[in-house]
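The numbers here are math on the coordinates, done by the rules we state, and not lab data. Source: prediction; values computed, not measured. Neighbour counts are summed over all protein chains in view; Cβ atoms, including those assigned to glycine, are modelled from backbone coordinates with ideal geometry.
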């Protein structure tokens, strides 16, 4: 789930000046984007992206209520936002993700704060999390298997106490080194994939978007 605008405006809005901080955008681009988002109940890109649902003109408490409904329906919700009005939703989601240049309260309310203002980093964070989960599960199974084998051999008298202690401590150190090497390999793979242009990770479930 992504928050598109990061702003809420009511009443008459008068723009006195606009400054584009990101390269490749001019002040006129910012005004066009703001007008498109704030004046329409749907963003033109929402239909092109094939989203199964999208919302507009939503108050902070309404965003949190929508997330609560999704959670009650059994969905696992990740919310991406950057504004002050996103803080309730970031706190309500299973995983709250804030952008690098987002409001401070949004970063504080989130579980993950991206270090770059690039939506592709969300896919990278998901890939790293999945890799870490697999590594933890593999190391746990390896630890249980090795320790069970060592204790079984010691119980039947096939190993002496000194040998049992050495094998146990050695296997523990080996598994720790395996975990450290695996973590480094995961980071290198993520950087290599990014450099090769592999940025997108398609979600297994249809995305929902709050504009």
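Residue ranges 62-68, 167-173 sort as 62-68, 167-173 when ordered by packing (mean number of other C-beta atoms within 10 Å per residue, highest first). Highest-first packing order for the peptide set 95-106, 114-125 is 95-106, 114-125, based on the mean count of other beta carbon atoms within 10 Å. Sorted ascending by nearby beta carbons within 10 Å, beginning with the fewest, 146, 49 become 49, 146. Put in order of Cβ neighbour count within 10 Å, fewest first, the listed residues 25, 55 become 25, 55.
The relative contact order of the stretch 80-172 comes to 17 percent, based on Cα pairs under 8 Å that sit 6 or more residues apart. Protection proxy ranking of 134-140, 107-113, 156-162, 86-92, by the mean of other Cβ atoms within 10 Å over each peptide's residues and highest first, is 86-92, 107-113, 134-140, 156-162. Modelled spin-label separation between residue 168 and residue 26, with each label point placed 7 Å from Cα along the Cα-to-Cβ direction: 7.3 nm.
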